[in-house]
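A short worksheet on the structure shown next.
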Amino acid sequence: MGDVSDGTIARTGDRPAAPEQPRSPYRAMPDAERSALWRRRLHEAEAGLTRYLVSRGDEVHLTDWFALQSEIFADLPDAATAPASEWQRVFFRGQALMERFLVARYGEEVLAAWARSNAEVHREVEPDHGRGAADPIHRIARQAELYGSDYEFDDEAPPTAEAAALTITHCAIWDYREKARRSGVRITLASPCTYCTEALSANIRAKGYRPAHRLHSGPTGHGCRWEACAPGRADRTDRTDRTDRTDESREA
């Protein structure tokens, strides 16, 4: 017999109907949870950069690195009282400083190695929630929510342990970058996708799943689609880490 909630029996054949999957389930994320995620992201990036610099041996000028760390962690907000927007500010500043530090010394091509190093930290600090492939996709959704991006899970194929997908229909990272540029912030990369796609792919792999992505742009702005699949399972669109390059003219 099916589950009884309000006096009716929900059935699909002989099985209870599955609960509807929210398209954007993190709209009501509490401010404290948003702050915690900004802090975790900063920790992953800074600890990952430390790991990456260690891997380069003794060629790192340590006083430069110490100076960078002091800039990253300057005037930290109060963890108990500061709103999430303050931790967002600290993350944006730290991310910009670390990108500039790496690109100026080693070139843009090292960003992929930094992303992989960050993912090793991510593997340890990001909790497993028991949802399999859906876990890394939910993390992407939570990050999208931090920026106020528009995103949705697939209606026809909700996230599962074997495969999960998410579409960001409007990426608000581009909006923040333009706002920062207009206010005089120095932007290192021409496109945020340069680092972001490397980072999200590495995080998915670090959790043991196979990533695939596609970038797109259109009337709703810049966006992307992300998939995570269990090893050995063919993903839905039969592509791995594929980027749609039909819009190569995009600039930040």
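The values are calculated or read from the model by the stated rules, or taken from the named source; none is laboratory data. Small disclaimer: the values here were computed from a predicted structure and weren't measured. Virtual Cβ from ideal backbone geometry, glycine too; neighbours counted across all protein chains shown. SASA here: full protein model, heavy atoms, side chains in, ligands and nucleic acids out. Shrake-Rupley method; radii C 1.70, N 1.55, O 1.52, S 1.80 Å.
Of the residues Ile187, Ile140, Ile204, only one is surrounded by fewer than 20 Cβ atoms within 10 Å (Cβ to Cβ) and among the β-branched types (Val, Ile, Thr); which?
Ile187
Do we find that Ala164 is surrounded by fewer than 17 Cβ atoms within 10 Å (Cβ to Cβ), outside any helix (DSSP H, G or I) and at negative phi in this structure?
So Ala164 fails the test.
Tell me which of these Arg142 doesn't satisfy, since it passes every other one: (1) of a type in the set (D, E, K, R); (2) part of a helix (DSSP H, G or I); (3) more than 20 Å from Phe92 (Cα to Cα).
Of (1) of a type in the set (D, E, K, R); (2) part of a helix (DSSP H, G or I); (3) more than 20 Å from Phe92 (Cα to Cα), only one is false for Arg142: (3).
Would you tally the residues in the range 35-93 being at pLDDT 95 or above, open to solvent by 80 Å² or more (accessible area, probe 1.4 Å) and touching a Lys or Arg at 6+ places or on another chain (Cβ under 9 Å)?
1
Would you check which residues across the range 94-106 are farther than 24 Å from Arg34 by Cβ and open to solvent by less than 20 Å² (accessible area, probe 1.4 Å) and list them?
If the condition is that a residue be farther than 24 Å from Arg34 by Cβ and open to solvent by less than 20 Å² (accessible area, probe 1.4 Å), then Phe101, Leu102 are the ones that fit.
Please pick out the residue among Arg177, Arg181, Arg239 that is open to solvent by 40 Å² or more (accessible area, probe 1.4 Å) and either modelled with pLDDT under 85 or out of contact with any Cys (no Cβ under 7 Å at 6 or more places or on another chain) (or both).
Arg181
Quick one: what pairs do we get from the range 62-79, first residue farther than 14 Å from Met98 by Cβ, second in a loop (DSSP other than H, G, I, E, B) and open to solvent by less than 50 Å² (accessible area, probe 1.4 Å), C-beta under 9 Å, 6+ apart or different chains?
Close Cβ pairs satisfying both conditions: Leu76/Ala82.
From the list Val125, Val121, which one is more than 24 Å from His222 (Cβ to Cβ), surrounded by 16 or more Cβ atoms within 10 Å (Cβ to Cβ), of a type in the set (A, V, I, L, M) and modelled with pLDDT of 95 or more?
Val121
Given (1) closer than 26 Å to Ala32 by Cα; (2) surrounded by 15 or more Cβ atoms within 10 Å (Cβ to Cβ), identify the lone condition not met by Pro158.
(1)
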